[in-house]
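One structure below.
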Amino acid sequence: QVQLVERGGGLVQAGDSLRVSCAASGLPFNKYLMAWFRQAPGKEREFVAAISRDYTTFYTDSVKGRFTISRNNGKNTVFLQMNTLKPEDTAVYYCAADLTVGRPYTSIDEYDYWGQGTQVTVSS
């Protein structure tokens, strides 16, 4: 059974930092592109960041310079370091895994597996 388990969400104030993690099991972690998506109440799930099997990173414009995605293949874990958090970053953050090469990594439909999410709330 494939499992992606997110941890590290919480309540912080604007300007603070937070790191969320996603521990994967049941899949060849080093073969997957890993990504973070987020979804606020009443809104569509949106792409945040991704990191390839070769450690290339991708970010949505709104988080560039503030968020950093990384992975530790030895621990089968992907991280998202979030700095200078803003209220508009408030959402459930989801970890996702994608094995397919050559598809749009920003698309929700591309991903094979999803975690259950971790809540990040940023107060003003």
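The values are calculated or read from the model by the stated rules, or taken from the named source; none is laboratory data. Nothing here was measured: the structure is a model prediction, and the numbers come from that model. Reconstructed Cβ throughout: ideal geometry from the backbone, glycine too, with neighbour counts over all protein chains shown. Each accessible area value is taken on the protein alone, full model and side chains, heavy atoms only, with ligands, DNA and RNA left out. Shrake-Rupley method; radii C 1.70, N 1.55, O 1.52, S 1.80 Å.
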*Among Asn73, Ser21, Phe37, which residue has its Cα positioned farthest towards the positive end of the charge dipole of the chain, with +1 placed on the Cβ of Lys and Arg, -1 on the Cβ of Asp and Glu, and the dipole taken about the Cα centre?*
Asn73
*How big is the convex hull of the Cα atoms of the chain, per residue, in Å³?*
96
_With +1 on the Cβ of every Lys and Arg and -1 on the Cβ of every Asp and Glu, and nothing else charged, how large is the dipole of the chain about its Cα centre, in debye rounded to the nearest 20?_
320
*Counting only heavy atoms of protein chains, what accessible area per residue, in Å², does the chain have with a probe of 1.4 Å?*
53
*Under 11 Å from the Gln81 label point (7 Å along Cα→beta-carbon), backbone N, segment 1-40*: 18-19
*Counting only protein heavy atoms, what percent of the accessible surface of the chain is carbon or sulfur at a 1.4 Å probe?*
44
*Could you rank Val12, Val5, Val78 by how accessible they are, 1.4 Å probe, largest area first?*
Val5, Val12, Val78
